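The values are calculated or read from the model by the stated rules, or taken from the named source; none is laboratory data. Since the model is a prediction, treat every value here as computed from it, not as a measurement. Cβ atoms come from the backbone with ideal geometry, glycine included; neighbour counts cover every protein chain shown. Each accessible area value is taken on the protein alone, full model and side chains, heavy atoms only, with ligands, DNA and RNA left out. Shrake-Rupley method; radii C 1.70, N 1.55, O 1.52, S 1.80 Å.
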Amino acid sequence: MKILITGAAGQISYSLVPFLCERGIFASKEKLDLSLVEIPPAMKKLDGFVKELEDSAYSSVNSINTYDNINDAVLDADWCLLVGSIPRGIVLNGKEIKERADLLQINGSIFTEQGKAIGSKAKNNCKVLVVGNPANTNALIGYKNAKNPNQLWMAMTMLDALRAKAQVAKKLGCHVDDIYRLAIFGNHSPTMFPDLENSNVSGKNTYEQIGDHEWVENNFLPKIQQRGAEIIDARGASSASSAARAACDTVKNVEHKTRSGDVFNAAVLSDGSYDIAEGVFSGFPLISDGEGNIKIVRDFNLSEFAQSKIRKTSNELLEERELVKDLL
Ligand code: NAD
Ligand code: LMR
């Protein structure tokens, strides 16, 4: 199994690569060939990380190679985890990058080149997870440039789902594993919509058990939508350990059959389900058959409240698409 990771010397990858090397993440028992990609100035730091990976002596790993460009790294890749990009919270040319969307022009062009390389050189059944922000629209840019519809492109919304589960577990005093069918709709941005109305905790409806719409709308919703900013404010750097956990969880959920009655979360190319604009990458509830096929779960009932929130995030994805139309 060839696993390509960009931004491999960055803070997310420092946790992500070790998580991926643990047993049981990939369905195949084949050993991993790690293909780690960085930009030239970060190669020395990457070499240091590789020494640590070697010293970890993972039984799951066959080889570790480093590259300063994606073209040489991507040949026959089974998975591509596209983490490499600039995070928000930093100051560029004297201006602080405040919103993920501010990263569109800076990071967008990375994904044209990477999309072309993946489309033409990675395996036809390659799976791609975009983590670098703004993840949904970067995935769209990559997918359009790859021109290989057999490959599965996704953007990460798993972190939002894990954050939502953690807040629900706190509120209801249950365990996160007891929460089923919690879905993130739309963009990984302050407009995302985490739905509780179709979720259940040990069979009982989550929204009804909470029984407090005011808490859902004015506490829970903004908490999940703004959690990334809350972490940047506290840490002085964007989330890394939790983002790595979520990326690894996405891979595991795609690789293995979804547990009965549950869904997992990622943004995929919209086919118009739930009235989300066709042709953007949106968060949806998904299931995997454990054999490389995932599909959108279409039986969620959306209230007026949910529909109005979903319209907003769908519109934002359309606006972002318009801003990068020259890269598509
Ligand atoms: P970081 O700055 O620590 O690491 C990013 C790495 O990417 C750096 O080492 C940099 O040299 C490398 N890089 C830049 N351009 C590259 C290119 N063209 N090819 C290969 N490597 C390249 O940042 P981080 O904290 O690891 O975050 C990475 C990205 O993930 C950011 O865009 C961040 O906003 C995003 N993120 C997304 C989510 C999510 O839920 N989708 C969560 C957290 C962070
Ligand atoms: C997050 O949600 O933590 C990441 O997308 C980083 C950010 O910029 O918020």
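When you scan segment 249-258, do you find a residue that is surrounded by fewer than 18 Cβ atoms within 10 Å (Cβ to Cβ) and either within 14 Å of ligand 1 (Cβ to nearest atom) or among the hydrophobic types (A, V, I, L, M, F, W, C) (or both), even just one?
There is no residue in segment 249-258 that is surrounded by fewer than 18 Cβ atoms within 10 Å (Cβ to Cβ) and either within 14 Å of ligand 1 (Cβ to nearest atom) or among the hydrophobic types (A, V, I, L, M, F, W, C) (or both).
Go through (1) without any contact (Cβ under 8 Å) to a residue 40 or more places away in the chain; (2) at negative phi and name the single condition residue 94 misses.
Every listed condition holds for residue 94 apart from (2).
For residues in segment 1-42 being open to solvent by less than 10 Å² (accessible area, probe 1.4 Å) and among the polar types (S, T, N, Q), which is farthest from the chain's Cα centre (by Cα)?
Top of the filtered list is 35.
Only residues that are more than 15 Å from the chain's Cα centre (by Cα) and within 11 Å of ligand 2 (Cβ to nearest atom): list them for segment 235-247, please.
235, 237
With the checklist (1) farther than 19 Å from residue 281 by Cβ; (2) touching a Leu at 6+ places or on another chain (Cβ under 9 Å) in hand, flag the one item residue 139 doesn't pass.
Going through the list (1) farther than 19 Å from residue 281 by Cβ; (2) touching a Leu at 6+ places or on another chain (Cβ under 9 Å), residue 139 breaks only (1).
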